[in-house]
Amino acid sequence: MKARRSAGVDEAGRGPLAGPVFAAAVILDPGRRISGLADSKILEPERREELAVVIKSRALAWGIGRAEVEEIDTINILQASLLAMQRAVAALTLAPDVVLVDGDRAPAVNCRVRTVIGGDATVRAISAASILAKVARDAEMCLLDERYPGYGFAKHKGYSTEQHFEALDRLGVCPIHRRSFAPVRLRIVL
């Protein structure tokens, strides 16, 4: 039996040293094609922002999920990513028949799931989810930059950059740093 409604699912923010991990789920409308969908990592930030607006206006349904730093540090980043994906699927206003997940691990959801390695570059709904997750996480990191000035979160989004390491050494660990990640854990003063 062919699936009537599939949701693409992807996450953003597994690798950074700080901030929550985000995920998105998107059910595209086959009658409202969106040009330019691609893996969010290859798109310029401005293009991601433009596409996010189009995706939200043309998709049949979309949802965002997240897992907080405390959850990441408690259950590990992989499990937190799967939890964010599960929350994104739960946030959909329409129930999918199948969930197509980027990668080789699947969240626990109440429908069929198929994992697709490299799906963010090959499956349009996963590309759309990749874009929404990345845009949502980047926006959150810009807000957190205002709350925790000096770290440069708006610029590097919490990733391991020279600027971020210098800020960590100068300012120490702040509440949104992932203490379970070695570069952060090694900088915690006991």
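One table, with the values for the structure above:
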quantity: Residue among G15, G36, G63 that is small (G, A, S) and on the phi > 0 side of the Ramachandran plot; calculated: G36
quantity: Residue that is surrounded by the fewest Cβ atoms within 10 Å (Cβ to Cβ) [pool: residues in the range 19-36 that are closer than 20 Å to V89 by Cα and out of contact with any Asp or Glu (no Cβ under 8 Å at 6 or more places or on another chain)]; calculated: P30
quantity: Close pairs from the range 19-39: first touching a residue at least 60 places away in the same chain (Cβ under 8 Å), partner of a type in the set (F, W, Y), Cβ under 6 Å, at least 6 apart; calculated: V26/W62
quantity: The range 167-190 - residue that is of a type in the set (V, I, T) and surrounded by 15 or more Cβ atoms within 10 Å (Cβ to Cβ) and, of those, nearest to G13 (Cα to Cα); calculated: I176
quantity: Total residues in the range 16-50, condition at pLDDT 95 or above, under 15 Å from the mean Cα position of the chain (by Cα) and either closer than 12 Å to A125 by Cβ or basic (K, R) (or both); calculated: 4
quantity: Breaking point among (1) among the aliphatic types (A, V, I, L, M); (2) closer than 30 Å to R185 by Cβ; (3) crowded, with 19+ Cβ neighbours inside 10 Å, for A7; calculated: (2)
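The values are calculated or read from the model by the stated rules, or taken from the named source; none is laboratory data. Worth saying up front: this structure is predicted, and the values here are computed from it rather than measured. Ideal geometry is used to build each Cβ from the backbone, glycine not excepted, and the neighbour counts take in all protein chains shown.
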